[in-house]
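Notes follow the structure.
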């Protein structure tokens, strides 16, 4: 090759920034095009890195399941469904990248991603919670080594802020947290340091495909010729895909979250219950999440969700009753029918790559997504098998009827 | 509903209210937002020292808490409120060394011609001005504060002249004075959090204090049935606010089918005529104390610009160097505006700073998106949320009576 390839990454959320970073690190010439939209999921993330918790349906999964159960939408069948092994392996491998990555990003971009070892505690209130948790402990896909059954006494000792009404907890060691905005910023700043070009507040108007190959990306102001493009547009990925003639079954799935005022350190672990999850961030606020709603691109918050989340938080941490809410807002997760991300090439459109559909785990899975895409773009061997994540798993991708999220399960 | 705050407004006119112990939602067909204004903060070195306070803060100490805010005061800022506070301070025995008005001297004859028919608006200001003259308090035009000094509280203030067109400080002519109170009043900023959350279109109007909702002649915003009145829709003062409230009220009643069109027109007409006359004079006043970009040059890299999150101007400058071009990007990089005030205090000053530094318009620099709750509320109140209206609602009865 006489010159480095020109890569255009569309989307400046955590995924686009990760792809830009790893591609620039490999010496590719990267242009990152970012049109911030209200409700981008990166800005409404709690920053949990919970490969185990997420894969067995903790965090938002179990809250959503309970809500469905109460509305009679699912039959009692022992808790939220688990994601396939490939998801857990992907998430674990991505999670393992963070400690090194944190140092790299501090060096290159000058930003601290506030990575903290916290563990995740599933706090149990009743028999149903115990019945859900016990088999997870006994048959955890990761083995027993990373899980720990916590008695009420131990829970009271390690997390004195948690309600005494709890019947104990299941601890997942290795499920940690960071500051999600900082992660995106650090990827972006580091990519810039490595030579990536940023086009902030720029909308992609058109993708030029000639002879079955993407040859350029057009914005209002310019045409950017490229050797490859990456669709990292989150909940807006279908819009971008359509410009290249590709149907992407991604739907916005709203998640509302609440942040408390800044508090002294009261939680050492992240907490997951059937009502909500809670994570205290380095700065002191506690993030309380989250709903799972298919309400299109509406990014408002609803009285119902505020009530449910705050009541759930008080049930878990009673003293929060007297604490002020600082903010409530919503983000649009890019949901897919099987809850797995959509990664890699698409048959029939050369030089086009997906890096979208990360649903609830964009922060956690950003590093490995960035690594894989940079490998694809530079023709290097892949560090993780791509097959389970290809768009082709959904069948014909030129179909117009995108199936609904969750139906495939 | 006394002691109740509004914490959110959805785009379909549903408001979320909160009181000490509970909260609730009300969906309104016609909704009038009269959200008022808050004082504009202008950061300069030393502005966070005890003894430096806003004009409103000083008034509150005097009038509500009946406390003398200091022994020896300097007053700085712009607008007639400075004269009011000077007289109030004098009345409680504070020595006022000077009033520094950043704007130019009003050219009275020319001004009076434009104010024809609305003397009332000027009479009070004139009285305050006379009070100042009688007490021998100097009023210095095109002057402003440069820096407040002191170890644990303000002990001295450096001030000086500004360029009349831009208000850029002319530091070579700085002077210093020893005071234990510095009152700062750079006018008001419309509180548009609710109309923004409600989905109304807004425009940036420097002369009205900042972002304001777009409205038609009857005060209706771009969201049908949602009205905005008073300083929350643009700083125009109390007289204008009460007229706007009447027009909006009549129109809301008309929309609700309680007043026939002709009757509504008849009732609105005198208020609309009076508004037109008042606004002509306001335009002249607004032009004099319109905030100028040179004030952005007062802060130094070490000056705190966001008090909630303790962000210094130097950090904002680093964010600019890292590629940030708007308030939202600066917020994400520095935490500016991420504290409890949601940027109410820092955003107006930083908007001008970013415009000044990048050459971009206020609209391009953008806004910090307000998010609910716009007023503090406890988790416990939200957790006890109810759909029911409060049982005892004297307000409803009053409205019905007024309309019958």
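Every number here is computed from the coordinates shown, using simple stated rules; none is lab data. Note that the structure is a prediction, hence the values are computed from the model and not measured. Ideal geometry is used to build each Cβ from the backbone, glycine not excepted, and the neighbour counts take in all protein chains shown.
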Report the antiparallel proportion of the DSSP beta bridges in the protein assembly as shown as a percent, rounded to a multiple of 5.
65
Pick from A:67, A:233, A:186: which residue has the top mean-square fluctuation in a GNM of chain A where Cα pairs under 10 Å get a spring?
A:67
When N is the residue count of segment B:300-365, what does its C-alpha Rg come to as a fraction of 2.2 N^0.38 Å?
0.96
Would you tell me the mean number of C-beta atoms belonging to other protein chains that fall within 10 Å of each C-beta in A:326-334, as a whole number?
3
Taking 1 over the mean of 1/r across every pair of different Cα atoms in chain B, what Kirkwood radius in Å do you get?
22.8
What number, in nm² with one decimal, is the all-direction average of the projected area of the convex hull of the alpha-carbon atoms of chain A?
19.3
Relative packing of peptides A:327-336, B:377-386, B:30-39 - highest average C-beta neighbours within 10 Å first:
A:327-336, B:377-386, B:30-39
What's the Kirkwood radius of segment B:156-304 in Å, using all Cα pairs?
18.1
Note on segment B:248-347: the mean projected area of its alpha-carbon convex hull, in nm², is 10.3
Taking a quarter of the surface of the convex hull around the Cα atoms of segment A:81-219, what do you get in nm²?
13.2
If you count, for every residue in A:299-308, the Cβ atoms of partner chains within 10 Å of its Cβ, what is the mean?
6
Residues A:15, A:363, A:246 in order from fewest to most other beta-carbon atoms within 10 Å are A:246, A:363, A:15
Evaluate peptide A:184-192: per residue, the Cβ atoms of other protein chains within 10 Å of its Cβ; return the mean as an integer.
2
So for chain A: antiparallel DSSP bridges make up what percent, rounded to the nearest 5?
70
Ratio of the Cα radius of gyration of segment A:61-148 to 2.2 N^0.38 Å, where N counts its residues
1.44
Sum of -39500 (n - 2.57) over DSSP H runs of 4+, divided by residues of chain B (222 nm, nearest 500):
-11000 deg cm²/dmol
Would you mind ranking A:50, A:149, B:167 by Cβ crowding within 10 Å, fewest neighbours first?
A:149, B:167, A:50
Cα extents of the protein assembly as shown along the principal axes, largest first, in whole Å, come to 86, 70, 60
As a Kirkwood estimate from alpha-carbon pairs, segment B:52-186 has a hydrodynamic radius in angstrom of 15.4
Choice from B:343, B:187, B:323 with maximal GNM fluctuation in chain B (Cα, 10 Å cutoff)
B:323
How much of the DSSP bridge set in segment B:1-103 is antiparallel, in percent, rounded to the nearest 5?
60
Alpha-carbon gyration tensor eigenvalues x 5, square-rooted, for segment A:1-146, Å:
37, 19, 15
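Please quote Rg/Rh for segment B:111-233 to two decimal places, taking the Kirkwood radius as Rh and restricting both calculations to Cα atoms. Let's see the in-between values first.
Details: Rg = 20.1 Å, Rh = 18.4 Å.
We get a ratio of 1.09 for segment B:111-233.
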By count of other Cβ within 10 Å, fewest leading, how are A:193, A:361, A:274 ordered?
A:193, A:274, A:361
